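Taken together, the values in this text are just the output of simple stated rules run on the coordinates, not laboratory data. What you see is a predicted model; the values in this text were computed from it and never measured. Reconstructed Cβ throughout: ideal geometry from the backbone, glycine too, with neighbour counts over all protein chains shown.
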Amino acid sequence: MHLDSQNYFSLEKLLNESVRLHGHLCPGQVLGVRMSMLGLKGIGIHDPKGKDRKNIMVFVEMDRCATDAVQSVTGCSLGKRTLKFMDYGKMAATFVNLKTGKASRVIAREDAREKAKEHCPDREDKYEAQAEAYKVMADHELFDVMEVEVAVRPEDMPGRPLRRVQCSRCGEYVQDMRELKSEGKILCRPCAGEGYYAISYRERYAK
């Protein structure tokens with residue numbers, strides 16, 4: 001059994017905690033837990049939910065099962081402003097030590113799926129085989145790791161909002177410098193044309 005990073009954390013314990021959050025065990029959960037173990041080790045975070053909890057931030061690049069695992073292991077969350085979602089569609093995450101500035105980006109290797117068959121050749125269900133294989137495969141078989149630099153902006157840090165302004169069009173308030181300016185007016189992103197929703201016909205004409 002390899003697990004280059006298992007000396008750092010207990011894999012089974014972390015998997016059990018992750019499953020309680022996510023609801024079931026799947027290959028993405030194992031990848032997310034292993035990814036977090038490796039990322040935290042790389043930036044020197046030993047106690048992410050305890051004494052190091054104010055020193056960690058994670059940027060996840062996928063909205064998949066692995067993200068729940070990353071949240072479970074690191075204790076980071078959107079509500080705490082320590083988990084940042086970057087919609088890149090990549091099975092990757094960057095772990096940042098806010099105290100030292102050290103950052104490590106961990107990327108799941110695409111060929112790990114094929115290698116999983118070698119570790120569990122008797123498993124007929126490929127997802128079950130992947131989940132079991134990912135528990136025992138070496139870190140270098142599962143991931144590529146790169147040392148990176150992340151410039152975290154003051155308005156992205158945890159804590160109280162640095163600013164709160166009103167959109168001149170819809171009247172709603174915008175926090176943390178997410179507003180835009182157009183022709184001298186302050187606009188929220190939806191009013192500036194970057195919204196994910198459109199006001200329904202019924203709502204528009206009910207006023």
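Remarks
- Modelled FRET efficiency - R0 25 Å, Glu183 with Arg163, Cβ distances, 0.05 increments: 0.75
- Remark on Cys26: its backbone amide H falls under 5 Å from none of the residues 5 or more positions apart or on other chains, H modelled at 1.01 Å from N.
- With contacts taken as Cα pairs under 8 Å and at least 6 residues apart, the chain reaches a relative contact order of 18 percent.
- Nonlocal Lys pairs with alpha-carbon distance under 18 Å, segment 22-163 (8 or more apart, or different chains): 24
- Between segment 30-80 and segment 122-140, the alpha-carbon center distance in angstrom: 22
- Entry for log10 I(q)/I(0) by the Debye sum over Cα atoms at q = 0.08, 0.11, 0.13 Å⁻¹ (calculated from the structure that is shown) out of (1) -0.23, -0.45, -0.64; (2) -0.39, -0.67, -0.85; (3) -0.36, -0.62, -0.78: (3)
- Inter-probe distance in nm under a simple model that places probes 7 Å from Cα toward Cβ, at Ser200 and Asp63: 2.1
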